[in-house]
Amino acid sequence: MEIQTLLKDMVDKGAKDIFIISGRPVSYKQSHLIENLGEEKLTPVQTQEIILAVYDLAERDPEDFLKRGDDDFSFALKGVSRFRVNAYRQRGSYAAVIRVVEFSLPDPVTMRLPQEVLNLAKLRRGMVLVTGPSGSGKTTTLTCLLEKINENRSAHIITLEDPIEYLHSHKKSLISQRELRIDTENYPSALRAALRQSPDVILIGELRDMEAISIALTAAETGHLVFAALHTLGASNAVDRLVDAYPAAQQEQVRIQISMTLQAVISQQLLPSNDGSLVPAFEIMQCNSAIRTLIRDGRTHQIPSVLQTSSAEGMMSMDASLAKLYKEGAISKQTALTYSISPEHLLRQIQNI
């Protein structure tokens, strides 16, 4: 199987993800459905050949992958698309999931990003978290925010990504994009270096540990605008995740630090829509005095209540977003309830609609 032909065919089909796993034909995800490409099941030898061919195409040494058992990287195929690859071992054989990433940057209108989210690009300092499960569109949202700054502000933007998915060109801003394991060793060392590179805006692909969180909070405290992704769902859970990364003795101080630096948390999910595509739902928390007090006092469990009563300040709970999508006819009642944080509360909202 010629890898370039396979990738081009998948792009032509409109595939979002391509699955190379032994015991099954080459598969691809279109919207939220997984389809098979033909009927021939891949053998372990075939998956190894395909994956090594991907490494060869990307001009990347597979040695680290063969040692560790997993690897994450991206590459471009001229005239076709960019691809993000996660290669891994499973049951003793090689496997990979290849995501198709368009050359063009995502359009906020097409992505249905709320204006309240795009307005965060006007911030000059502090931390903004974009959270959600894997595949929920966090990178797309962050890319749209960075491009908004790039188009409207003279700034130095530094991105720390694993791997780089979208390529930005210099517009009003200068953009330095750094990829882990190629341009830098890890997030903490890259963050420390970034603070010496005269940044105005720093993007962190993922906050993974206490060291990275600590440096990111310090950067936000010292007048930088920091965007970061976090693999958790819900604004209150995001704050708890940051605090829980620290030992108990340090958590009170960290809550104070977060309450002063955090500007907003955007939490998102991608849902199957009624027309067969995917549609995003957003929870938006903007840090007003009430939210900052709850964070400082360790009462994050009360944040959802504030979100429900603060729509006039640009906030939105996840259930309110789901109810809105249902009212617009974008999603079904069952989909709304399946992705709801509080199905009973949402059901009452839907019945009122």
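The values are calculated or read from the model by the stated rules, or taken from the named source; none is laboratory data. For clarity, every value in this text was computed on a predicted model and none was experimentally measured. Positions of Cβ are backbone-derived with ideal geometry, glycine not excepted, and every protein chain shown enters the neighbour counts.
Within this structure, Ala281 fails the test of being touching a residue at least 60 places away in the same chain (Cβ under 8 Å), in the same structural domain as Gly126 (by TED's automatic domain parsing) and either in contact with a strand residue (DSSP E or B) (Cβ under 7 Å, 6 or more places away or on another chain) or surrounded by 23 or more Cβ atoms within 10 Å (Cβ to Cβ) (or both). Scanning the stretch 309-332 for residues being more than 16 Å from Cys287 (Cβ to Cβ) and of a type outside the set (A, V, I, L, M) gives a total of 8. A single entry from Ser311, Ser332 fulfils the requirement of being without any contact (Cβ under 8 Å) to a residue 12 or more places away in the chain and either under 22 Å from Leu347 (Cβ atoms) or buried (at least 19 other Cβ atoms within 10 Å of the Cβ) (or both): Ser311.
Residues that are under 25 Å from the mean Cα position of the chain (by Cα) and either part of a loop (DSSP other than H, G, I, E, B) or surrounded by 21 or more Cβ atoms within 10 Å (Cβ to Cβ) (or both) within the stretch 335-347 comprise Ala336, Tyr339, Ser340, Ile341, Ser342, listed in sequence order. Condition check: assigned to a helix (DSSP H, G or I), in contact with a strand residue (DSSP E or B) (Cβ under 9 Å, 6 or more places away or on another chain) and surrounded by 12 or more Cβ atoms within 10 Å (Cβ to Cβ). Does Ile98 satisfy that? No.
If you go through the stretch 84-97 and pick out every residue that is within 16 Å of the chain's Cα centre (by Cα) and not polar (S, T, N, Q), you end up with 2.
In this structure, is Tyr166 surrounded by 15 or more Cβ atoms within 10 Å (Cβ to Cβ), over 23 Å from Cys287 (Cβ atoms) and assigned by TED's automatic domain parsing to the domain that holds Gln286? In short, yes. Total residues in the stretch 119-141 satisfying the condition of being touching a Pro at 6+ places or on another chain (Cβ under 6 Å) and in a helix (DSSP H, G or I): the figure is 1. Looking across Val265, Val306, one residue alone is assigned to a helix (DSSP H, G or I) and either assigned by TED's automatic domain parsing to the domain that holds Ala238 or farther than 29 Å from Thr110 by Cβ (or both). It is Val306. Considering each of Glu59, Glu39, Glu49 in turn, give the residue that is more than 18 Å from Ile284 (Cβ to Cβ), over 25 Å from the mean Cα position of the chain (by Cα), in a helix (DSSP H, G or I) and not assigned by TED's automatic domain parsing to the domain that holds Ser259. From the options Glu59, Glu39, Glu49, the qualifying one is Glu49.
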